Amino acid sequence: MTESRRPINRVSRRRPAAKTPAKKTATRRVAGRPGPAEQRRSVQRPPADRSAGARAWRLPTRDRTRATSRWRPAILLAVAALLLAAVAVTAAFRPGVDDANRAFLDNAETEQVKAATAQVLATVYGTDAANLGGYKDAAKKVLTGKALADSDKYLDTVVQAVQQTGTKADIRTDPIGVTFLTKDNAEVIANMTVGLTKDGAVQQSATGPILVRLTKVGDRWLASDLPDR
């Protein structure tokens with residue numbers, strides 16, 4: 001009878017081979033090209049716009065906008081002054097043209113027109129109920145042309161109103177601006193204040209602009225039209 005044998009467990013004496021670390025592939029850096037680390041940083045950060053044109057076309061901030069708006073009226077006034085000066089210089093170099101505006105050039109004549117305007121308004125609108133005898137004659141001496149032709153209509157109305165109210169009218173004209181001036185004609189806008197008194201007591205006053213057109217007769221400037229009478 002055959003004797004059965006037990007299986008023999010054989011233990012292998014061979015040890016497993018140790019794992020060798022993977023060799024790193026050497027990367028060569030080419031001159032003029034960024035390395036891997038630099039490439040990663042360049043991808044993460046967006047490129048900055050360093051052009052001068054981009055900086056110049058940035059939208060203004062709120063503070064800059066407010067500062068510009070505060071200076072805008074002053075700039076406009078400066079431009080207007082330059083335009084007026086240009087008109088004056090242009091008129092000065094236009095000899096032989098009679099209708100050139102000399103209000104910006106002839107200061108002496110401009111002052112004469114202002115003084116004549118103040119006298120006209122004080123004579124025509126300055127009345128006194130206690131002294132109306134020579135009012136109409138004095139008023140006609142500072143008038144000419146259309147203003148003189150129509151004087152009887154409105155001077156009689158003024159006399160009647162003053163007699164009924166028994167008031168005295170004092171006239172103040174300030175300022176007076178000459179808007180147009182030639183050799184023989186002028187146009188003036190004056191700020192006129194009429195103050196009324198009665199028996200020495202102040203009644204009321206009224207202020208407003210008035211347009212006066214004047215014509216030179218001889219050596220005097222007389223009112224040729226009072227459109228706002």
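General observations
- Those residues of the range 125-146 which are in a loop (DSSP other than H, G, I, E, B), more than 13 Å from Leu222 (Cα to Cα) and touching a residue at least 12 places away in the same chain (Cβ under 8 Å), in sequence order: Gly126, Thr127, Ala129, Ala130, Leu132
- Among the candidates Ala206, Ala190, Ala122, Ala149, residue that is more than 25 Å from Ala100 (Cα to Cα) and touching a residue at least 24 places away in the same chain (Cβ under 8 Å): Ala122
- Residues located in the range 190-229, provided they are surrounded by fewer than 17 Cβ atoms within 10 Å (Cβ to Cβ) and not in a strand (DSSP E or B): Asp199, Gly200, Gly218, Asp219, Pro227, Asp228
- Asp170 vs. criteria under 17 Å from Leu132 (Cα atoms), assigned to a helix (DSSP H, G or I) and either aliphatic (A, V, I, L, M) or over 35 Å from the mean Cα position of the chain (by Cα) (or both): no
Every number here is computed from the coordinates shown, using simple stated rules; none is lab data. Note that the structure is predicted; figures quoted are calculated from it, not measured. Cβ coordinates were reconstructed from backbone atoms using ideal geometry, including for glycine residues, and neighbour counts include every protein chain displayed.
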